[in-house]
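The values are calculated or read from the model by the stated rules, or taken from the named source; none is laboratory data. What you see is a predicted model, and the numbers here were worked out from it, not measured in a lab. Neighbour counts run over all protein chains shown; Cβ positions are idealised from the backbone, glycine included. Quick note on the areas: whole protein, heavy atoms, side chains included, nothing else; ligands and nucleic acids left out. Shrake-Rupley method; radii C 1.70, N 1.55, O 1.52, S 1.80 Å.
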Amino acid sequence: MLSEILNRMHREGLIDDAARQKVQALVAQGHPVDEALLTGSGAPEDQVLRLLAEEFGLPYIDLEQQQPSRDFLAGFPARILLERRLLPVCQEDSVVLVAASRLLDTSGLDELRLACGREVRLALAPASEIDRAMKALLGVGADTLQSLVSEASDQGVMVVDQDSDEDVDLALAAEDASIITFVNQILAEAIERRATDVHFEPFEDALRVRYRVDGVLQEANIPAEVRQFQPAIVSRLKILSHLDIAEKRLPQDGRIKLRVSAREIDVRVSVIPMLHGEAVVLRLLDRSTTLRGLEHLGMAPRDRKSFERVLELPHGIVLVTGPTGSGKTTTLYAGLARINDIERKIITIEDPIEYHLHGINQIQVASKAGLTFARGLRSILRHDPDVILIGEIRDRETADIAVQASLTGHLVFSTLHTNDAPGALTRLVDMGIEPYLVASSLETVLAQRLVRLICPECREELTPSEADVAAWGLGDETPCTIYRGKGCRQCQSTGYHGRMGIFEVMPITDAIREMILASASAGEVRKIAAAQGMRSLREDGWRLVQEGRTTVEEVLRVTKDERFGGNGHSSEGAEGNGETGASEARAASVANGGGAA
């Protein structure tokens, strides 16, 4: 039989002579034939299993097309399914069809037959597909939770009530091997799904776990039994982040360092008491992530040239604005990497340090020790820097020092939490900085957002309907063909995979300086900036839509209309942006009823 299988595989180009000899050697050493074929042939697992299914007259199941229901799977012992890697798929005439990845190991089928009292029939499917289906149907860590439930009932393991003061028992529960394993499984799943945050949210009858992937929260598939172990899970996370497990009434913040497959992950932990227990949010920072250059951020060529010009200035302030998680720090790091050379001394003060940059002096804020942004900045100025990066301007004291540093010959980079570029000017004035200081020190403000990119694996073309065109308000600039992601395994059925920045770059020209001195509003500044060629965030998002890289819905999700009071403005006098007036008219059109401009 082995020779026939090897001959067929050789005819079909699945193995060569060397692989054939390796399989035969493995069988001679006592390895089962199916295992030897899967490990020694080098052929894809699904192709080997399809061939074995045909040779032995067994069904082969494509689990992407055929999956059991949760209710059907609930009729079988989860422990056996998970330990033996068996997946009951359906029942036909009192016989249960069970998917497995091993042909000759029948002990698992025998155990399942005895446990459920039903006749079973073997079908073949790849192990990776079975694992993926198990995770989707039973939930992350289902095997671990089942062992926890079993221990709690059979061995008297105490599940601690969140209102209990038995901290010793809670500490012991947190050190339970199954709790440790479950927490590790959640973190591993989050990293595998490219999550930036993990949310543990307690409710009266459930513990909800969600991952933030590409800026959007997705609910993790967690077995319902997890709720009774919520206090122990929270305590485990507290122990890892060196927090006080006895303190359940006050918020706490800590950090965890992980190493996953040679990748160093820095985890910021925030614990806050809620109505039904303590909620935990983990922010994941991958230290091994390669720093992206300016050319990879997604800036339009004109905006990138404008930003590159300001990087060469001898002094002044460059601000990047946007909400948390919009990629501000990545943009600033890309700028620093561009000017990092032996002739410049660059010092940063950050909270936290997200990337380690070779050749740049980086300071970590330590508020508990008294090292704040303001105090660190004063010391930085005595270290003879040429360029300074301030992680965030949070208060007037930090803003004052940043302005003084720029006026004394330093190039200062920082971030600010405002919705758009013009809003940064009024925010600095509201902080107490004199308008003349803002006007004389500020050089460029860059606002940004991150939009999700269409998944390349399931990208498909669409022709927009007339209703869509009218609702979007793009007018003549609506592409004849748009794209979307249909949803696939690669993108977790979201249609999106990865993100890219959209930008609003506002150089501080003489006209804008005059507006600052006149205490003009952000809207009035926007009018001047748009007339001089500034492209709004939404307009820059349309650029990616026209390039087929993102969807209209995604741009609308992360941006807002920028109107200037009624009918828009003419594009006369625009420098390098002849579409300014049309863009303003489109924004007004969408806001006033969605008709095409």
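Looking at the stretch 105-119, which of its residues are without any contact (Cβ under 8 Å) to a residue 60 or more places away in the chain, at negative phi and open to solvent by 10 Å² or more (accessible area, probe 1.4 Å)? Lay out the reasoning, then the answer.
Looking only at the stretch 105-119, we keep the residues that are without any contact (Cβ under 8 Å) to a residue 60 or more places away in the chain, and these are 106-119.
Then drop every residue that is not at negative phi, which leaves 106-116, 118-119.
Residues satisfying the conditions are T106, S107, L109, D110, E111, R113, L114, A115, C116, R118, E119.
Kindly indicate the residue of the stretch 174-212 that is at pLDDT 85 or above and in a loop (DSSP other than H, G, I, E, B) and also nearest to the chain's Cα centre (by Cα) among those meeting that condition.
Per the stated criteria, the residue is R194.
Would you point out which residue out of R102, R50, R132 is surrounded by 15 or more Cβ atoms within 10 Å (Cβ to Cβ) and closer than 27 Å to A190 by Cα?
R132
For the stretch 512-533, check the following and say yes or no: at least one residue is under 15 Å from E443 (Cα atoms) and of a type in the set (D, E, K, R).
yes
So in the stretch 213-233, with the set limited to residues that are without any contact (Cβ under 8 Å) to a residue 60 or more places away in the chain and surrounded by 14 or more Cβ atoms within 10 Å (Cβ to Cβ), which one is farthest from G501 (Cα to Cα)?
R227
Within the set of pairs 6 or more residues apart or between chains, which connect a residue that is free of Cβ contacts under 8 Å to residues at least 40 places away in the same chain inside the stretch 405-426 to a residue that is of a type in the set (A, V, I, L, M) and open to solvent by 40 Å² or more (accessible area, probe 1.4 Å) with Cβ atoms less than 7 Å apart?
A405/L381
Return only the number of the condition from (1) touching a Lys or Arg at 6+ places or on another chain (Cβ under 7 Å); (2) crowded, with 23+ Cβ neighbours inside 10 Å that Q492 does not satisfy.
(2)
Would you check if S270 is in a strand (DSSP E or B) and hydroxyl-bearing (S, T, Y)?
Spelling it out, S270 is indeed in a strand (DSSP E or B) and hydroxyl-bearing (S, T, Y).
Do we find a residue being open to solvent by 50 Å² or more (accessible area, probe 1.4 Å), outside any strand (DSSP E or B), in contact (Cβ under 8 Å) with a residue 24 or more places away in the chain and not hydrophobic (A, V, I, L, M, F, W, C) anywhere in the stretch 254-267?
Taking every residue of the stretch 254-267 in turn, none turns out to be open to solvent by 50 Å² or more (accessible area, probe 1.4 Å), outside any strand (DSSP E or B), in contact (Cβ under 8 Å) with a residue 24 or more places away in the chain and not hydrophobic (A, V, I, L, M, F, W, C).
Tell me, which residue of the stretch 306-324 that is more than 15 Å from V387 (Cβ to Cβ) and out of contact with any strand residue (DSSP E or B) (no Cβ under 7 Å at 6 or more places or on another chain) is modelled with the highest pLDDT?
Selected residue: R309.
How many of the residues making up the stretch 333-357 are open to solvent by less than 10 Å² (accessible area, probe 1.4 Å), out of contact with any strand residue (DSSP E or B) (no Cβ under 8 Å at 6 or more places or on another chain) and assigned to a loop (DSSP other than H, G, I, E, B)?
The number of residues fulfilling the criteria is 0.
Can you tell me which of P32, P44, P59, P68 is closer than 29 Å to A115 by Cβ and open to solvent by 50 Å² or more (accessible area, probe 1.4 Å)?
One residue alone meets the criteria, P32.
Residues in the stretch 502-514: is at least one open to solvent by 50 Å² or more (accessible area, probe 1.4 Å) and more than 30 Å from G432 (Cα to Cα)?
no
From the list H242, H276, which one is modelled with pLDDT of 90 or more and at positive phi?
The unique qualifying residue is H242.
Can we say V95 is β-branched (V, I, T), surrounded by fewer than 16 Cβ atoms within 10 Å (Cβ to Cβ) and over 22 Å from T144 (Cβ atoms)?
Against the criterion (β-branched (V, I, T), surrounded by fewer than 16 Cβ atoms within 10 Å (Cβ to Cβ) and over 22 Å from T144 (Cβ atoms)), V95 qualifies.
May I ask you to verify whether R227 is part of a strand (DSSP E or B) and either over 30 Å from H410 (Cβ atoms) or among the charged types (D, E, K, R) (or both)?
no
Would you confirm, using the coordinates I've provided, whether T444 is open to solvent by less than 30 Å² (accessible area, probe 1.4 Å) and over 21 Å from D420 (Cα atoms)?
Taking the combined requirement at face value, the residue does not satisfy it.
Answer yes if at least one residue in the stretch 278-289 is open to solvent by 20 Å² or more (accessible area, probe 1.4 Å) and over 30 Å from A232 (Cβ atoms), and no otherwise.
Yes, the stretch 278-289 contains at least one residue that is open to solvent by 20 Å² or more (accessible area, probe 1.4 Å) and over 30 Å from A232 (Cβ atoms).
Return the only residue of G576, G533 being over 32 Å from the mean Cα position of the chain (by Cα) and at pLDDT 90 or above.
G533
Take the conditions at pLDDT 70 or above and open to solvent by 20 Å² or more (accessible area, probe 1.4 Å) and apply them to L124. Does it pass?
In short, no.
Going through the stretch 403-419 one residue at a time, which ones are under 24 Å from A529 (Cα atoms) and either open to solvent by less than 20 Å² (accessible area, probe 1.4 Å) or assigned to a strand (DSSP E or B) (or both)?
Answer for the stretch 403-419, where residues must be under 24 Å from A529 (Cα atoms) and either open to solvent by less than 20 Å² (accessible area, probe 1.4 Å) or assigned to a strand (DSSP E or B) (or both): V403, S406, L411, V412, F413, S414, T415, L416, T418.
Pairs needed: first member in the stretch 12-28, within 17 Å of M1 (Cβ to Cβ); second member anywhere, basic (K, R) and in a helix (DSSP H, G or I); C-beta distance under 9 Å; at least 6 residues apart or different chains.
Correct list of pairs: L14/R8; I15/K22.
Take L437 and decide whether it is crowded, with 16+ Cβ neighbours inside 10 Å and within 14 Å of G316 (Cα to Cα).
yes
Check A279 against each of (1) touching a residue at least 24 places away in the same chain (Cβ under 8 Å); (2) more than 30 Å from P202 (Cβ to Cβ) and name the one condition it does not meet.
So A279 meets the others, but not (2).
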